[in-house]
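Worksheet: the structure to be examined is printed underneath.
Each reported figure results from applying straightforward, stated rules to the coordinates on display, with no laboratory input. Quantities reported herein were computed from a predicted structural model and do not represent experimental measurements. Here the Cβ is made from the backbone with ideal geometry for all residues, glycine too, and neighbour counts use every protein chain on show.
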Amino acid sequence: MNGLERDKKVYGVLQAISEASRCLNCHEPPCSRDCPADTDPGTFIRKLKLKNIKGAVRTIKNNNILGGICGALCPTERLCMKGCSASGIDRPIEIGKIQRFLVEYGWETGFDAIQKKGFGKGRIAVIGSGPAGLACAAELAKNGYGITIFEGREEAGGVLRYGVPKFRMNTEFVERELEDVFALGVELKTSARIERGGADRLLSEGFEAVFIGTGTWSPARLDIPGSGLVNVTDSQKFLEGMRSGKDIELASKIRGKNVAVVGGGSVAMDVATTCATLGANKVYVIYRRSLREMPADEEDLDLALAHNITLRTQSVVTDLLGEDGVLTGLKGIETDWKSLGDHSAAKLVTVPGTEYSLKVDFFVRAIGMRSEEANKGLSGLVEDLPNGLVKTGDDGVSTTNKRIFVGGDAARGPALIVQAVQDGKKAAECIMKILEENKSGGGACE
């Protein structure tokens, strides 16, 4: 297998052109309207349909520096594909597969699709090398700004490297997409954690603006007895361990054992599916609401079910049990709603007489993340919001400091990769507008 082959089968040239040929060439393509990152599927599909493959690749990479990753990971069925006009006569165009093919085609043929200007403009600091930071850095670098990314970890990529399971995205694919960013002249400083007040310090050192894209790395708490037992962990530590050399150690703890994952989102499904692929005997997903209310993407849920994951919906864990400090099982109880039609968390109640117990050897919390890291760079200038998020202006990226911007999960909370790209691009647009107009103050980017 070479570095550009993937775990999922993607189109070849003829398949991609055939799929693009089904496009109806909408005058105002709904697929382009519904892409948060403005990757413009309507244009690159039309170019591919006309066999202008290089032009199609150029459209993607100039609109979305992480176009390959978004093509592979985006829930396209509820974004760009949802309004596809072709679904009225057949089925929607497979936009994600086409997008992924085109990006890989550009890599394999050595085509440099990215249009960039010479350097010589101001210096901008980017804190965090996840999707938001990478997108912001790329947009600014393409327009002639000198960019330095400060990354607290040993390698770049953020959630792309440390939070996406290998069965969804292998490391080689991530690294190849990152090469496109750093080929623009972006400087990367790893193991460079920015502590509180760091953004102001960077401004004082000569950077003209700072973008904060630190992501969500602090797990939400689940206060139940037994949380301190051995083999109890959270989704972030688990997934990061799988991507950072601890996969053999984790596999030894899971193979042939029973695993319980608490949560109902796509991350919970990722953890559960990963455990199944590692050879777990049984994998339970425990979620307090109903199956219909699970926030996981349909594709991720289907994949989990295909790996024989057992779902225990409308259920909560009440106790974790152990012997000699090591997890041996759990107790739980079923849940219901106080009244029909009101499914808020406050109306969720346990049902007496439905208690149960499970023998489990490994337990993973996958109930959400907090963004406590982000405020460390803002020296108290930003009003605290729930879950440690950063308050922004109406544009979604500006802060109370006119030269500090924020985006991605640090501003939104856990969200889609394509939405982080959207924020990074928006912040870059705002930074360029303010700097190019020589404004020392300003505010929201219009």
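Find, to one decimal place in angstroms, the Kirkwood hydrodynamic radius of the stretch 48-97, where the mean of 1/r is taken over every pair of different Cα atoms and then inverted.
Details: mean 1/r = 0.0840 Å⁻¹.
About 11.9 Å for the stretch 48-97.
Quick one: what does P(r) look like for the stretch 184-279 with 10 Å bins over all Cα pairs, in whole %?
Each 10 Å bin holds this share of Cα pairs: 11, 34, 23, 20, 11, 1.
Can you compute the radius of gyration and Dmax for the stretch 221-367, using only the Cα atoms, both in Å?
14.9, 48
Using the Cβ atoms and a cut-off under 13 Å, what net charge is assigned to the surroundings of ASN281, where Lys and Arg are +1 and Asp and Glu are -1? Can you show the working numbers first?
Working: positive: LYS253, ARG255, LYS257, LYS282, LYS359; negative: ASP361.
Net local charge, ASN281 excluded: +4.
So what's the net charge close to LYS189: Lys and Arg +1, Asp and Glu -1, counting the other residues with Cβ under 15 Å from its Cβ?
On the way: positive: ARG123, ARG153, ARG193, ARG201; negative: GLU151, GLU154, GLU155, GLU187, GLU195, GLU205.
Local charge sum for LYS189: -2.
Looking only at the stretch 86-124, which residues have a backbone nitrogen under 20 Å from a spot 7 Å from the Cα of ARG22 in the C-beta direction?
From the stretch 86-124, the list is 86-103.
Order these by the 10 Å Cβ neighbour count, fewest first: TYR287, TYR356, TYR11. Kindly include the intermediate steps, with their values, before the conclusion.
Numbers: TYR287 25, TYR356 12, TYR11 19.
Least crowded to most crowded, the residues run TYR356, TYR11, TYR287.
State the antiparallel share, in %, of DSSP beta bridges confined to the chain, rounding to the nearest 5. Working shown, then result.
Numbers: 18 of 49 bridges.
Once the DSSP bridges in the chain are tallied, antiparallel ones form about 35 percent.
How would you rank 16-23, 234-241, highest first, on the average number of other Cβ atoms within 10 Å across their residues? All intermediate terms of the calculation are to be shown ahead of the outcome.
Details: 16-23: 18.4, 234-241: 20.2.
Ranking, from highest mean packing down: 234-241, 16-23.
Obtain the nm distance between the two label points defined at ARG123 and GLU355 by a simple spin-label model: each point lies 7 Å from its Cα along the Cα-to-C-beta direction.
6.4
Within a 10 angstrom radius of the beta carbon, how do LEU134, LEU178, LEU48 rank from fewest other beta carbons to most? Mind showing how you got there, number by number?
Values: LEU134 31, LEU178 22, LEU48 26.
Fewest-to-most Cβ neighbours within 10 Å comes out as LEU178, LEU48, LEU134.
For the pair GLU205 and VAL326, what calculated FRET efficiency results from E = 1/(1 + (r/R0)^6), where r is the Cβ-Cβ distance and R0 = 60 Å, to the nearest 0.05? Show your work: numbers first, answer last.
Details: r = 49 Å, r/R0 = 0.82.
Computed FRET efficiency for VAL326 and GLU205 comes out at 0.75.
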